[in-house]
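In what follows, a structure is listed as C-alpha cells, so that the remarks can point back to it.
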Amino acid sequence: MPDAIGRDTPGADGRRRRGDRRRRELVGATLRLVGAGGVAAVSQRAVAAEAGVPPSAVFYYHRSVDALLVATLTAVNDRWIARLDAVTVPGDLVALVEDCVRQERVTAIAEYELFLLAARRPDLRGELDRWDVALAAAAARLLPDDADRRALLAAAVNGLTLSGALGSPVDPALLTRLCAAGTA
C-alpha cells in the first residue's frame, strides 16, 4: 500500500488482512452469542471472551456493541443475498433453502434474531429491504410472467427458512413444485 508520497509501506496489506480477519472473528463471536442467548447476551466482554481477544479489541474494530450487532446483521444479510443473486433456476433456490435449514440451529436462530432486531428498529429497516429486494429479484428470474406466484414463492422461501430455524420439518422441493405449477 503506498504511503503519502507513493512508496510501498511494508506490511500494510498484512495489517489490513489481520484487521479484516479480526473483524470477521468478532462478527462470528457475536453471531454465536446471539444464537445462544439473544441480542441481550452481547456485551464487549462476552464478545471478547467468545472471540478469544482482549476486551479493548472489540471497540478498536467496532465503535460500540450496537455497531457490532449491525455489522453482524449486515454480514449475515450479505452472505444470503449473494446466494439469492446467483439464483437462476429453481434448483439454486432449493439449495439455498436447504443450506439455511441444514445450518446449525443456533446459527439459524441467531440470524432470525438479528432480522427481528432490524424489524424493531427503523434505522435497520434497510437490511430487511435489501433481503426483500434480492428475494423478489430471484423470484422474478424464476417466474418472470406471474406476479402472484412470485409473491407466493417469496413467502414460501421466508416461511421455509423460518420453519427450519424453528426446527420444524421442511420440504424445500416445494419451491420446485411452486415454480413448475401452471407451466406446460
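Pop the C-beta distance of residue 152 and residue 67 into the FRET formula with R0 = 45 Å and round what comes out to the nearest 0.05. Efficiency for this residue pair is about 0.75.
Here the gap between residue 141 and residue 120, fully extended at 0.36 nm per residue and compared with their Cα-Cα distance, gives a gain of 4.5 nm.
On the chain, 57 percent of the accessible area sits on carbon and sulfur atoms, based on a 1.4 Å probe. Say a paramagnetic label sat at a point 7 Å from the Cα of residue 89, along Cα to Cβ; which residues of the stretch 158-173 have their backbone N under 12 Å from it? The answer is none.
Measuring nothing but how far apart in sequence close Cα pairs (under 8 Å, 6+ apart) lie, relative to its length, the chain scores a relative contact order of 21 percent.
Long hydrophobic helices in the chain: the complete DSSP H runs spanning 24 Å or more by Cα along their own axis with mean Kyte-Doolittle hydropathy of at least 0.5 are 65-85, 147-166. Per residue, the chain exposes 54 Å² of accessible surface when a 1.4 Å probe is rolled over the protein heavy atoms with every protein chain present.
The slack in the chain from residue 79 to residue 162, taken as 0.36 nm per residue of separation less the alpha-carbon distance, amounts to 28.2 nm. For the peptides 44-52, 141-149, the ranking by packing is 44-52, 141-149, with the highest mean count of neighbouring Cβ atoms within 10 Å listed first.
The values are calculated or read from the model by the stated rules, or taken from the named source; none is laboratory data. Quick caveat, the model's predicted, so the values are computed rather than measured. Ideal geometry is used to build each Cβ from the backbone, glycine not excepted, and the neighbour counts take in all protein chains shown. Side chains are part of the model used for accessible areas, which takes the heavy atoms of the whole protein and leaves out ligands, DNA and RNA. Shrake-Rupley method; radii C 1.70, N 1.55, O 1.52, S 1.80 Å.
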